[in-house]
1. Which one of these does SER136 not meet: (1) closer than 26 Å to ASP217 by Cα; (2) within 13 Å of the chain's Cα centre (by Cα)?
2. Show the residue pairs meeting these rules: Cβ distance below 6 Å; 6+ apart or different chains; first residue within segment 72-95 and on the phi > 0 side of the Ramachandran plot; second residue buried (at least 17 other Cβ atoms within 10 Å of the Cβ).
3. For the list (1) within 19 Å of TRP210 (Cβ to Cβ); (2) more than 8 Å from the ligand (Cβ to nearest atom), I need the number of the one condition that MET15 fails.
4. For GLY51, which of the numbered conditions (1) surrounded by 15 or more Cβ atoms within 10 Å (Cβ to Cβ); (2) closer than 22 Å to ARG125 by Cβ; (3) in contact with a Ser or Thr (Cβ under 8 Å, 6 or more places away or on another chain) fails to hold?
5. When both residues are 6+ apart or on different chains and their Cβ atoms are under 7 Å apart, which pairs have a first residue that lies in segment 96-111 and is of a type in the set (D, E, K, R), and a second that is assigned to a loop (DSSP other than H, G, I, E, B) and modelled with pLDDT of 95 or more?
6. Being closer than 21 Å to LEU106 by Cβ and of a type in the set (Asp, Glu) is the filter; apply it to segment 124-178 and report the residue that is farthest from the ligand (Cβ to nearest atom).
7. Filter segment 18-48 down to residues that are surrounded by 17 or more Cβ atoms within 10 Å (Cβ to Cβ), more than 7 Å from the ligand (Cβ to nearest atom) and within 20 Å of PRO70 (Cα to Cα), then give me how many there are.
8. Would you pick out the residues in segment 167-198 that are modelled with pLDDT under 95 and either on the phi > 0 side of the Ramachandran plot or over 12 Å from the mean Cα position of the chain (by Cα) (or both)?
Amino acid sequence: MPNGSNEGLHVAIIMDGNGRWATRRGLPRVAGHRAGVAAVQRVVERALDLGVRCLTLYAFSSDNWRRPAPEVQSIFWLLRAFLRLETKRLRQRGARLEIIGRRDRLAESVLREIEKAESATAMGRNIHVRVAIDYSSRDAITRAAAGAAAVLEHERVPSAELLATMMMETMNTQSADVDLLIRTGGEKRLSDFLLWESAYAELLFTDRMWPDFGEADLEAALEEFKRRERRFGGVVSVEPQTAVASIGSGL
Ligand code: FPP
């Protein structure tokens, strides 16, 4: 069956293409990240209007530490500015903001802005916006497995449910399975993002660079999602009447 409304959906986005967007315009890469923040603002607003329940954005992977220090600094500068300037708006719109990923390698100044933004928006019920920073899905799974081993003591095999719970605990979040995963920028890979949570996610890859991604692109992605048939490993459900009629007519 095709999927109905956007209500309750978890949409995750790998925001790729900022650097190329800037380079093609003869601009420094940081200009692409700045334009990327504007795209984040547009997409959060539209997701709210469309009734998306959870939006998870991949802003900085654990592997991104390998980038030149000035680029890393500018990404964190933009992130801090985003948190400082957007928190009020997010709170007004009933959005709950949460940062997922490791926190032990983040600068004090970043941590302070994160904590302020999270507590100011903690009561938001209209959308759950999660920004992944210093995030690695393999790291999250490994930590969850270690947590599960500590809980189980003598039993050897943790259940998938226990691992999922431990993953949410170690990530300090309550959101789980992804319904739709979008990657901009033309590459077709998951880059260590929400690997466990995307087991049955519908994947959508677009050539659009992240700074060019707008409201209409999100709408088009959700329309495409609705056309997909999700079976979760089962079979297409057929109404009993139709099934009998089909058998009777030899179809
Ligand atoms: C990928 O493009 C983008 C990033 C690694 C950084 C994303 C950061 C932002 C959009 C700004 C901060 C985020 C928030 C939520 C305020 P790339 O640089 O890998 O692009 P390329 O593949 O073209 O080089």
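The values are calculated or read from the model by the stated rules, or taken from the named source; none is laboratory data. None of these values were measured; they are calculated from a predicted model. Backbone-built Cβ (ideal geometry, glycine too); neighbour counts: all protein chains shown.
1. Of everything listed in (1) closer than 26 Å to ASP217 by Cα; (2) within 13 Å of the chain's Cα centre (by Cα), SER136 misses just condition (1).
2. GLY94/GLY124
3. Answer for MET15: the failing condition is (2).
4. It is condition (1) that GLY51 fails.
5. Within 7 Å, the pairs are ARG96/THR121; ARG96/ALA122; ARG96/GLY124.
6. Checking each candidate, the answer is GLU169.
7. 5
8. MET167, MET168, GLU169, THR170, MET171, ASN172, THR173, GLN174, TRP196
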